[in-house]
Amino acid sequence: MWRRGERLYALLVFGVVALEALALGQLVGVFSARLFSLLGVSLAYRALLQALFLTGLALVLLSAYILLYHAYTALREERDRRAYEEWLGRFARALFEEEPLPPPPWPRPALEALLRLRETLQGDLAKRLTLWLRQAGLPWARALRGRWASRPARLEALEALAQARLPETLGLVLPYLEHPDPVLRLAAARAGARIAQGEGVEALARALLASGLPRGALLEALLLLEERALPVVALFLEKGGREERWAALEALGRLKLHPLAERIASFLEDPDPELRAAALRALWRLGFLPPGLEGAVLAHLKAPEEFLRLQAVRLLPLLGGALARRGLWGALSDPSFYVRRAAAEGLKELGLEALAEAARAHPDPYGRAMAGQVLREAT
Amino acid sequence: MKLLFLTYQLFVLVYFALLNLLYALFALFGVRMVARYARELSELALKDLLEREAYLPVSILVPTYNEEKTIAASVRSFLALHYPEFEVVVVADGPKDRTLEVLKEAFRLVPVEAVFRRALPTKPIRGVYRSLTHPNLLVVDKENGGKADALNAGLNLARYPLFCAVDADSLLDAQALLRASRLFLEDDRVLAVGGTIRPLNGARVREGVVEALGLPRGFLEKMQIIEYARAFFLGRAGWSAMDALLIISGAFGVFRRAEALRVGGYRTDTVGEDMELVVRLHRRAREEGREYRILYTPDPICYTEVPSDWATLRRQRDRWHRGLWEVLWIHRAMLFNPRYGRLGLVAMPYFFLFEALAPVVEVLGYLMLPVFHLLGLLNLEFALLFLLLAVGYGVLLSQLAVGMETLLLKRYPRLRDRLWLLFLSVVEGLGYRQALALVRFGATFRVWRKRGVWGEMRRKGLEAEAPDQKKP
């Protein structure tokens, strides 16, 4: 999307701004002097003409740059696109028709095509692509090791490694989780999560723990790990701070990491209500309530925070039978609209009969209306 | 008298110099911000976000009034967005035309009895409809109360943690929501995100999707392409880079719903309700001493139909300018107030001195020319040269914005179009901009008389084809 050349453009803009500042500053100076009769009209006239000349010059430079840039990039992009498509076809023929490939090094469009295929294909085909990527020598590694590479070059390299998914490149990525630039840290977390395998996952877990990334970014990394996330989530729950634990609880539920379900219990009594809500949400997503936690869930029905009551109500159907029904019936009188809605949906899970009864006979008119609404939607 | 004239001249010059230097500064900040954004945006990350369900669901709120020509195509485009979990809440704000009937026919709407939380007061709701063909479409029919009231009604019915306010005459880029919502996921402090708006006129649209952009035929429509590029790529990008973005266009903005509800939703007594909500979010967060961010992001693109006739354009600009004054008045306590940091000391004063008052200074300047001439104080040649300089600076700013668009997106891919855009940026300064300054000048004196009054827009319809891009 973004084409090269913005540095030159930025330089041009800087030049234009400098010219403008110079011209305007001179004009203001000259006119101020005129006010106190320190300068004659001819000098003011000259300053105005100079300002006009500089503006004209800036306009010519800018227009010429824009037009030349447009024409040049259109040509270059067309050439790159053709080369990319040619290489894509060549790799596809090598994969499916066993056509021999020219020996590396391959040009940049070839590597882009290779990464694109690696991103799309799986199984044995992906293994062959991985082999070719190794043969290609991964030129991006240089940008990550080098001291002078720009931030965009490093970001591009991290993304390329993320697409290549070569486990041996994790070592290049992990140091970036300590980088002072949060954008590079986030890119490294994403890349690391895509690359890490086996022991690398634990190394990534330790690096993520020390990265100081916000919880949304940590959650993204955990979700990218998918079935490999278990040891990372376990480490976060054990040693993480508030952000890491929140991300771990969210990921635990979303990835359905059942072996860690028992670990959630301790968070139901955490002093931080957001962590308690995340724990309740994780249990709801797992669809499983470990024995002995019923009391903790019911206690949250009386929490002052609406979001805690909401999460607790969503868990009630898991209690089953009369206990669940009683809890949900009571929650239909909750002052919060959202808790009443969750209660009505919970009753629906227990059976339409329970919901119909609430719609007909619940003492709270708002509870009745909510049950009626959910009943109508269900039927 | 001569001293007075020279003092006036100096005042105008200092004002002009400050204004242009500020614009130039925005250009610098804007280039930096846009370049950084473009380099950091990872298509791979967006794909991962989509596949792993690491997103926040969004309610798209579409307030609509008399938009029978555009509403079906707009809603279709919203329903076709690339986003895993979203709902579209169309609020028909007591339309006088067939807007509601068109919606009923196009989406097979059936009435439902909706129970919803009336968190914000609105005009009475007459009915709520669900679609038999699109389960994530909800249509609300209510008594007319204005755009802000309609948005509040939509907010009451919305279910998801984020909401996206869009105009009914707008189309969204397929990935717009995904790109904007990514920012909320990655940073809890983000309260709102605004995107870039581009004129839809001249685009080739099929099934609610913009297939290609071309330059429209109309002069006014072409001019607005330049204006929008300048407003977004210089103004908003610059302010966002300075963490002082005060405007998120009503045509496309994504907000945290809970935050909007917490500050009381949209105000219904102003026509600048979009800017007002953003200023109020800033104000509340600053008063509470919270860390927060309100961002502009260049790529989430929204296409909107811009006025093609002078009467509609004049009404629109009149309304925008009155809206600006209303917001400045409502939040006058923030002006020059150090409690609000750079908002109180830079952004609000800028909008007061260089946006709200600019047409007054400009038009008075034109009016004073013959007066000074009659008084024998005017050096005509000098005055004309100065006017030429002013036009030159205006052209320069427009060209900077065109340059930014070329680098970032190149949505107008033909060299001929680019040449046209550069030429139009010159033409813009030769009458068009002055005419709009006159409209805004008039609006300044109508603020109190027409408080909260909207003007009607004339629509052509979204499925119009680009004039010189006929389908094969």
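The values are calculated or read from the model by the stated rules, or taken from the named source; none is laboratory data. No experiment lies behind these values; they were computed from the predicted model shown. In this analysis, Cβ positions are derived from the backbone assuming ideal geometry, glycine residues included, and neighbour counts consider all displayed protein chains. The accessibility values were calculated without ligands, DNA or RNA, using every heavy atom of the protein model including side chains. Shrake-Rupley method; radii C 1.70, N 1.55, O 1.52, S 1.80 Å.
Numerical summary
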| read-out | value |
| --- | --- |
| Lys, Arg +1 and Asp, Glu -1 on Cβ, resulting dipole of region B:65-186 about Cα centre, debye, nearest 20 | 240 |
| Charge-dipole axis of chain B as Lys and Arg at +1 and Asp and Glu at -1 on Cβ define it, positive-most pick from B:Ala106, B:Ala358, B:Leu177 | B:Ala358 |
| Cα principal axis extents for region B:66-151, largest first, Å | 32, 28, 22 |
| Sequence-distant residues sharing a close amide H with A:Leu332 (under 5 Å, placed H) | none |
| Debye equation applied to the C-alpha atoms of region B:1-159, log10 I(q)/I(0) at 0.12 Å⁻¹ | -0.70 |
| Contact order relative to length of chain B, as percent, for alpha carbon pairs under 8 angstrom and 6 or more apart | 20 |
| A versus B: buried accessible surface, summed, Å² (probe 1.4 Å, to nearest 100) | 6500 |
| Mean-position separation - Cα centroids, region A:283-320 and region B:107-170, in angstrom | 31 |
| The protein assembly as shown: Cα Rg divided by the 2.2 N^0.38 Å rule of thumb | 1.04 |
| Between 0 and 90°, nearest 10: helix A:182-195 axis offset from chain A longest Cα axis | 60 |
| Carbon plus sulfur fraction of accessible area for region A:306-379, probe 1.4 Å, in percent | 54 |
| Candidates A:Leu54, A:Leu184, A:Leu257: whichever shows maximal mean-square fluctuation once chain A is modelled as a Gaussian network with Cα springs under 10 Å | A:Leu54 |
| Residue-count net charge about B:Gly194 - beta-carbon cut-off 10 Å; Lys, Arg +1, Asp, Glu -1 | 0 |
| Using alpha-carbon coordinates, inclination of helix A:337-350 to the longest axis of chain A, degrees | 50 |
| Relative contact order computed over region A:306-379 (Cα-Cα under 8 Å; 6+ residues apart), in percent | 27 |
| Rounded to the nearest 20 debye, dipole of region A:306-379 from Cβ charges on Lys, Arg, Asp, Glu | 40 |
| Options B:Ile71, A:Tyr65, B:Ala158, ranked by Cα towards positive dipole end of the protein assembly as shown, top entry (Cβ charges) | A:Tyr65 |
| Integer Hz, Karplus 6.51/-1.76/1.60 couplings in order for region B:126-135, x for Gly and Pro | 8, x, 10, 10, 10, 9, 7, 9, 10, x |
| Solution diffusion estimate, µm²/s, Stokes-Einstein, region A:306-379, Kirkwood Rh from C-alpha pairs, 10 °C, viscosity 1.306 mPa s | 139 |
| Positive dipole terminus of region A:1-97, leading residue within A:Leu95, A:Ser37, A:Val13 (C-beta point charges) | A:Ser37 |
| Mean-position separation - Cα centroids, region B:61-83 and region B:406-445, in angstrom | 28 |
| Distant-in-sequence amide H partners of B:Gly253 (H built 1.01 Å from N, under 5 Å) | B:Ala165 |
| Peptides ranked, highest mean first, by Cβ atoms within 10 Å: ranges A:80-89, A:164-173, B:139-148, A:35-44 | B:139-148, A:164-173, A:80-89, A:35-44 |
| Neighbourhood net charge (14 Å Cβ-Cβ; Lys/Arg +1, Asp/Glu -1) for B:Gly394 | -2 |
| For region B:275-426, the spread of Cα positions along each principal axis, largest first, Å | 56, 48, 29 |
| Computed Rg/Rh of region B:166-273, alpha carbon atoms with Kirkwood Rh | 0.99 |
| A:Arg145 paired with B:Leu10, simple spin-label distance in nm, labels 7 Å along Cα-to-beta-carbon | 6.5 |
| Shape call, region B:276-362: gyration tensor on alpha carbons, a/c limit 1.5 | oblate |
| Cβ-placed point charges (K, R +1; D, E -1), dipole of chain B about Cα centre in debye, nearest 20 | 580 |
| Chain A: relative contact order in percent, alpha carbon pairs under 8 Å with at least 6 residues between | 6 |
| Residue among A:Ala203, A:Ala229, A:Ala64 with the largest mean-square fluctuation in a Gaussian network model of chain A, springs linking Cα atoms under 10 Å | A:Ala64 |
| Region A:143-253 - Rg over Rh from alpha carbon coordinates, Kirkwood radius | 0.95 |
| Taking all pairs of distinct alpha-carbon atoms in chain B, Kirkwood radius in angstrom | 23.2 |
| A:Tyr366 paired with A:Asp80, simple spin-label distance in nm, labels 7 Å along Cα-to-beta-carbon | 5.7 |
| Gaussian network model of chain A, Cα within-10 Å springs - most flexible of A:Leu67, A:Leu161, A:Leu332 | A:Leu67 |
| Helix B:2-40 axis, angle to chain B major axis (alpha carbon atoms, nearest 10°) | 40 |
| For region B:1-46, radius of gyration divided by Kirkwood radius, i.e. Rg to Rh on alpha-carbons | 1.48 |
| Debye equation applied to the C-alpha atoms of region A:59-114, log10 I(q)/I(0) at 0.29, 0.31 Å⁻¹ | -1.08, -1.14 |
| Estimated Rh, chain A: Kirkwood, alpha-carbon pairs, angstrom | 26.5 |
| Packing-based order for B:378-391, A:18-31, using average beta carbon neighbours within 10 Å, highest first | A:18-31, B:378-391 |
| Residues with amide H under 5 Å from that of B:Leu172, placed H, sequence gap 5 or more | B:Tyr303 |
| Separation between Cα centres of region A:220-268 and region B:1-40, rounded to whole Å | 52 |
